[in-house]
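We did not get these values from a lab; they are worked out from the coordinates using the rules stated. A quick note: this is a predicted structure, and the numbers were derived from the prediction, not measured. Cβ placement follows ideal geometry from the backbone for every residue including glycine, while neighbour counts extend to all protein chains displayed.
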Amino acid sequence: MSDQKNIENAQSESDSKSVGHPLSDFLAQLEDYTPTIPDAVTASYLNSAGFEASDPRIVRLISLAAQKFISEIANDALQHCKVRSSNLPTKNNKTKDRRYTLTMEDLTPALAEYGVTVRKPYYYV
């Protein structure tokens with residue numbers, strides 16, 4: 001009976017170590033990673049929101065999350081633009097050289113998917 005408890009304790013200890021292991025590896029990788037959004041910018045916004053992070057890895061983690069969020073919004077807006085432009089009739093069959101422009105018309109539905117409401121100011125036509 002005691003052998004069974006020892007085996008269960010050993011398994012629970014190894015499970016608890018393996019649960020935190022990927023997170024600690026990820027945080028160790030963040031030390032060498034340079035995010036697109038600089039740490040100073042992220043720290044400034046965090047301080048203005050009332051959050052003080054003493055660990056630079058936390059600031060980098062938040063920078064990485066913000067970068068992913070912005071990337072997903074930009075990608076969704078690009079998909080809206082492609083769908084909208086594919087419905088328009090074209091004179092030329094040049095699909096290779098097509099350039100897309102980020103407009104409010106494409107950005108508004110992409111942001112709405114994430115719960116952000118954006119409206120044009122009344123003075124823009």
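Quick notes
- Working value for segment 41-89: equivalent-ellipsoid semi-axes of 36, 10, 5 Å, each the square root of 5 times a Cα gyration tensor eigenvalue, largest first.
- Quotient of Cα Rg and 2.2 N^0.38 Å for segment 22-125, N being how many residues it contains: 1.47
- Local net charge near Thr108, Cβ-Cβ under 15 Å (Lys/Arg +1, Asp/Glu -1): -1
- Modelled FRET efficiency - R0 22 Å, Thr117 with Ser86, Cβ distances, 0.05 increments: 0.25
- For segment 21-68, a simple Cβ point-charge model (Lys and Arg +1, Asp and Glu -1, everything else neutral) yields a dipole of about 180 debye relative to the Cα centre.
- Here the spin labels are modelled as points 7 Å beyond Cα on the Cα-Cβ line, and at Ser24 and Thr108 they lie 5.1 nm apart.
- Sequence of Ser54, Ser24 once ranked by neighbouring C-beta atoms within 10 Å, starting from the fewest: Ser54, Ser24
- Among Arg99, Arg60, the ranking by other beta carbons within 10 Å of each residue's beta carbon, starting with the fewest, stands as Arg99, Arg60.
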